[in-house]
Structures are given as structure tokens and as C-alpha cells.
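The values are calculated or read from the model by the stated rules, or taken from the named source; none is laboratory data. What you are looking at is a predicted structure, and each value in this text was computed from that prediction instead of being measured. As a convention, Cβ positions derive from the backbone with ideal geometry for all residues, glycine included, and neighbour counts pool all protein chains shown. Protein only, heavy atoms only, side chains kept; ligands, DNA and RNA dropped before computing areas. Shrake-Rupley method; radii C 1.70, N 1.55, O 1.52, S 1.80 Å.
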Amino acid sequence: MFKTDRAVISLLFDMLGGKTGEISKVDYVPQKPEFDPTIPIEQAFPRSTPEAEGVPSKFIYDLLAELAVTENANMHHFMMLRHDKVICETSFAPYRNGDWHITHSMCKSFTGMAIGLLVDDGRLSLDDKIVDIFDTGWHVLNRFKLRDLTVWNLLTMTSGSDFYETGAISGNKWVETYLNADLKFQPGTQFHYNSMNSYMLSAIVTIKTGKTMFDFLKERIFNPMGITQIFWEASPEGITKGGWGLFIRPEDAAKLGSLYLHHGNWHGTRLISEKWVAEATMKQVENNSDKLGYGYQLWPGERPGSFAYNGMMGQDVFVYPDLDMVFTINAGDPEVFQDGELDHVIKKHMVGAPVFPDKLPPDPVGYSNLCEIAERLLDGEYFTPKNLAGGWGRRQTNSSEGKPHYYSWNKPHFSRHDFFVWLNGRTYELEMKSCGLFPITLQTFHNNFTDGISKIGFKYYMHLLHVLFYEGDCVQDVTVGFHKSIVSTVDEHGEKYLVGTEGEYTEDEDHNPVLKLRIAFLEEASSRNVVIHFTGDSVLVEFDETPGKLLIMGGLDFSVKSALDSNKWLSNILGNGAEKVITDAVLATIRPQINGKLIKDNGAENEK
């Protein structure tokens, strides 16, 4: 896998060197459609109250309240169902109810559904060997080495392939590269989580059906369930990515949880066999971290019979058959697997939850408290549970990892309005254009690399501040809210993304103006954080992203070690401190500080 390792190292060093634009070896074509929030949910779940469905409002309140104050959980969406009725729904401002959201590896479970349909149809067996499915693209030796690799191995992450998701940046021919990759171990002997196994399952669906897996699932699962506001990225080969790249609304994700809760039935219509659902949701193999194991592209849960569709950074559908309960979350947790603070909170509340009755007497006080927290979170107010000291306060976000806190800036010497009038018409040219509005994580996930922000300008119009980011040939016009976020649309190389931007104006200890921005990509798990310090005709711009350091450094840890182990020449060049050299450089890339000079001043015009 020298070619793959070399591509990873090349991209890493291009980013560390401040290179922008077309630095990927994978062809980029804009794919993502613009989300339309005005389109209603089809076949929506009925709404009810918790007590009417047998769940105490206080139970949901306690879970939601702890999620709201948990450091690094960085919640975006929450929806809970019982008896196929929504009993609690909220989002954490600036995120909004009903918007679609990236799923990351949650969508692997939907890939497993596609394989189940082929098995149900008799078009595929889990014992089928990969060498018999893929006729071309092999080197002779690898065809022999992978002679025992089966569909079951791909489903259960026991393939042993050394071509993993990081290697997807090495070129356009992912199937061929997978077929000719080395083996880390013999298929079936170990568990090794690898998103390219899911990609190969998607490729199998295309071979067997003549369609992309996305189109196949739309026909068989998504459309019959009214899941129409959904999009799944394809690879450069035109194959649905399978293991990542899907956007779906939380309520539609909950439908797919309900489908397996009801053993493959949706509103009385069987969409997938009960036999497949039973096999998919049980432990098929041991995993590396706990005794719960792994099923068919999903995770059995700690509560007996439960399971989860799980994606990194907190994209989850939790299904509890004994409780007749499903709930979905989206978040920006910096953890890759199910071992973050968010997951610990959910396990704490759900593993030991009692089996609820079918109906409870009304609880006006408990239900009022639950509605209050849901409304305040959706409205953008930081919540402190009533059993903790304190009270209601402004919900703020730490610039590094999304931790709630209260700012303690100096009180500005002049008003925000006066500052914005002074700022109106000013444009600053940055000394380096290594940073983009798109966070590094999103650039990598979507193979959509920035051209670099060259200038930052400001416009104050109709009592609204606009920040203009000059990025390549595009000017990203972001409107800033100062009591709550304002939603704008930005264009990342032909793909439109919704962003919610909230700002704060303050002064530093020397009484120089400071403008702090949090630009949340509402369809994603990441936010761009920008702090601009103004001194005379100069600015210092600090960039960061959330999740940032913990996520990126954690994800790079394995890649860097692997690259150094397989490329001794690189270790020799960098010396004994090779890992530290690389990780320090990566940290500086995640959180660059860039100076800028004033190049345009319209003379502090009065706002129009």
C-alpha cells in the first residue's frame, strides 16, 4: 500500500505547507443539492405527549438536560419516539428542527439493508466470494490472496483489507485499489472497522442491480417510507460511498430505526425480511472494545435486544425493542467511536431505564419543564438544570471544542453600532491564504478543498453586519446575528451549504476591538470559529473549528503512526521526534493565526 500511504503523506504535507485548491488526487465534481427546508416530511410520525405514551416527562427532561450541559457533546438535534409517536423533539440553536444532517457512518446500516434486500431476493448469498463477484481489476497474486474473502466478511468488518478510508484520497479507482490491497490478517479471523468494506458492499449492489445503491434503496426502502429529502454522495467511479456521505432528516432516520424495530415492516407492509433483521441486529463477531460485538453494519447495544446505527461525532439512531422506543441524535462530538461523553450520558440513562407502562397519568409540571427546556434550546439559550446551582443564561460555545461557558470580556468603550459603522466598507488582505471557510474536516470528508481566504471585508446594511470572505473566485457573504444566529447560504465549489452565524463584539485588554464569530454548518457536524482582532490598520485573524483538535488529532494518530511505520525514510528525515513534529504542525494548521492589512476603507460611511 505504498501508493496509498504516499498519497496520505502528500496530502498531509500539502495542507501543512499551506497549499490550497486541487491538492487531492481524487477528482472533485459538485454533487450535493441545496436543501429546501420548506418541503414537509412525508409520512410523518404522529405527535403525542410522553405520559400519553407511558414515559415520564422527567425521564426525558433529565436525559436532555444532561446532554445540554455535557462538555464536548455539542448537541445538534434530538428526537424521541415511543409507540411510533414523537414524544420529544428539539434542536440546539443554531440548528433547526427539520433540517437534514450528515450521518457519517450511521449510513453503513442502510448499506446493510441493501445487502439484506439482495439476500431476500435470492440474488446474493453471504457466502459468495468476492473473487466470483468482481471479474476484472485484479492482479493475479491478489486474486489468489483474497480467494476466501466473502460478503459476510465485508458486512462484519472482518475482511482484513489494508485499504481503509484514509486511502480513498489516493486516486479515483477505489474498487481496483481495494481488490489489490494487502491483507492485514486472514479474512474472518479479526475485527477491523473499515469504511471501504461498506464501499465494496455498495459496489456489489451496483453489480447485482445495475443501479447505484442509493437509487436501489430509494426504490425499495426510502420512497415507500416517504424519505424523499435525502442525498448520498458517490465516489469518482459513480458508486454510492456506502460508508459515509449521506444527508438525512432526523425524523427520516428515525423511520429507518422503526423499520428494524418492527422486524422489517413499515405501516403493515413488509420491506425487508424478519430473518434478515434478526441476523443483522445480533452479535455476529467480537469487536475490539467491548463484549457487545458487531452485527451487519450496526452495533448491538448494552440493553438486551437493543442496537444502534452509529456515526462518528454523534450521529445515531438508538433502537430499544423492549421499550418500543427509538430516538435519534445529531451532534458534533469530537469522538470517532461510541466512547465519548455523549455516549456515556445515553448509556447511563437508557441501559437501566425501567420498562415503561403503556400510559401514565398527565404530569402538567413535568411536561411543562420538558417543553421549556426544548423551547429554550431551540431558541438558543443555554440551559442549567433546575437541580443544579444557577439558572438560565446565554448559551455560548468555547472556540476550541464546543464547551459551554460564559465570556468574561472587557466591556467595550463604544457601542456595537458605532463599531460597525466604523467597520463598514473596510477590507483586509491576509498575509496567508491557507485557511478556508469550510472546516478541514469537511474539506477532507467531501474532497472539497479550499482555495484559501485571501481577504476579509465588512458591510453594515439595514442594521445587519455582513462579513465577506474572499475565497478563490467566490465571495462568501455571511450575515451575523448578535442575539441569535442568522442563517446564510455559502457556496463551496458549486455545493450550497446552510450556515448559522452568531457573533460577539468586545474589546481585548488593550481596548482594541475584537469580533468573534461562530459559523455553524447546519447540515454538518462541524463549525468554523473566527476571532478577528483589530489594531489600527491591521488585523490578526484566529481560525479554529469545532470539533477540532481532539477529533483531528485523534484521527491522525493512527494515520501518522502507520505512515511512519511503513515509510522509514520519513522517520529518518524527521528523526526521533517525528510524530511530535507532524502533530505540532497539524495543530498549527487547525488553529492558524493570520495577519492582515487594510487595503480598502470607505471612510466609515453611515449605514444605508
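Across the range 413-430, the number of residues qualifying as touching a residue at least 12 places away in the same chain (Cβ under 8 Å) and either open to solvent by less than 30 Å² (accessible area, probe 1.4 Å) or assigned to a loop (DSSP other than H, G, I, E, B) (or both) comes to 11.
Table: residues versus (1) hydrophobic (A, V, I, L, M, F, W, C); (2) part of a strand (DSSP E or B); (3) within 26 Å of the chain's Cα centre (by Cα); (4) modelled with pLDDT under 95.
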| residue | (1), (2), (3), (4) |
| --- | --- |
| Ser159 | no, no, yes, no |
| Ile169 | yes, no, yes, yes |
| Ala181 | yes, no, no, yes |
| Gln186 | no, no, no, no |
| Met196 | yes, no, yes, no |
| Met200 | yes, no, yes, no |
| Ala203 | yes, no, yes, no |
| Thr206 | no, no, yes, no |
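Where strands (runs of 3 or more DSSP E) sit wholly within the range 212-322, those with at least 3 residues that are in contact (Cβ under 8 Å) with a residue 24 or more places away in the chain, crowded, with 20+ Cβ neighbours inside 10 Å and touching a strand residue (DSSP E or B) at 6+ places or on another chain (Cβ under 9 Å) occupy 246-248, 307-311, 315-320.
How many residues are of a type in the set (Asp, Glu), out of contact with any Phe, Trp or Tyr (no Cβ under 9 Å at 6 or more places or on another chain) and within 17 Å of Val205 (Cα to Cα) if we restrict to the range 131-190? Don't jump to the end; show me each part of the working.
First pass over the range 131-190, keeping only residues of a type in the set (Asp, Glu): 132, 135, 148, 162, 165, 176, 182.
Those still in the list that are out of contact with any Phe, Trp or Tyr (no Cβ under 9 Å at 6 or more places or on another chain) too: 132, 135, 148, 162.
From what is left, the residues that are within 17 Å of Val205 (Cα to Cα) are 132, 135.
So the count comes out to 2.
Screening the range 442-462 for residues that are touching a Leu at 6+ places or on another chain (Cβ under 9 Å) and among the hydroxyl-bearing types (Ser, Thr, Tyr) and picking the one that is most open to solvent (accessible area, probe 1.4 Å) gives Thr444. Among the residues of the range 278-289, count how many are more than 24 Å from the chain's Cα centre (by Cα) and more than 16 Å from Thr158 (Cβ to Cβ). Count: 1.
Given the condition over 24 Å from the mean Cα position of the chain (by Cα) and among the basic types (Lys, Arg), answer yes or no: does some residue in the range 249-269 qualify? Looking for residues that are over 24 Å from the mean Cα position of the chain (by Cα) and among the basic types (Lys, Arg), one finds none in the range 249-269, hence no. Sort through Leu81, Leu126 and tell me the only one that's over 20 Å from the mean Cα position of the chain (by Cα) and farther than 30 Å from Tyr367 by Cα. None of the others qualify; the one that does is Leu126. Restricting attention to the range 23-69, report how many residues are among the polar types (S, T, N, Q), surrounded by 19 or more Cβ atoms within 10 Å (Cβ to Cβ) and either within 22 Å of the chain's Cα centre (by Cα) or over 30 Å from Val351 (Cβ atoms) (or both). Within the range 23-69, residues that are among the polar types (S, T, N, Q), surrounded by 19 or more Cβ atoms within 10 Å (Cβ to Cβ) and either within 22 Å of the chain's Cα centre (by Cα) or over 30 Å from Val351 (Cβ atoms) (or both) number 1. Of all residues in the range 181-193, those that are closer than 14 Å to Ile130 by Cβ have Cβ atoms under 7 Å from Cβ atoms of residues that are hydrophobic (A, V, I, L, M, F, W, C) and in a loop (DSSP other than H, G, I, E, B), 6 or more apart or on another chain, in Ala181/Met1; Ala181/Phe163; Pro187/Leu149. Scanning the range 196-211 for residues that are among the hydroxyl-bearing types (Ser, Thr, Tyr), open to solvent by less than 10 Å² (accessible area, probe 1.4 Å) and out of contact with any strand residue (DSSP E or B) (no Cβ under 7 Å at 6 or more places or on another chain) yields Ser198, Tyr199. When the range 103-132 is limited to residues that are more than 19 Å from Tyr178 (Cα to Cα) and touching a Lys or Arg at 6+ places or on another chain (Cβ under 7 Å), the one that is most open to solvent (accessible area, probe 1.4 Å) turns out to be Arg123.
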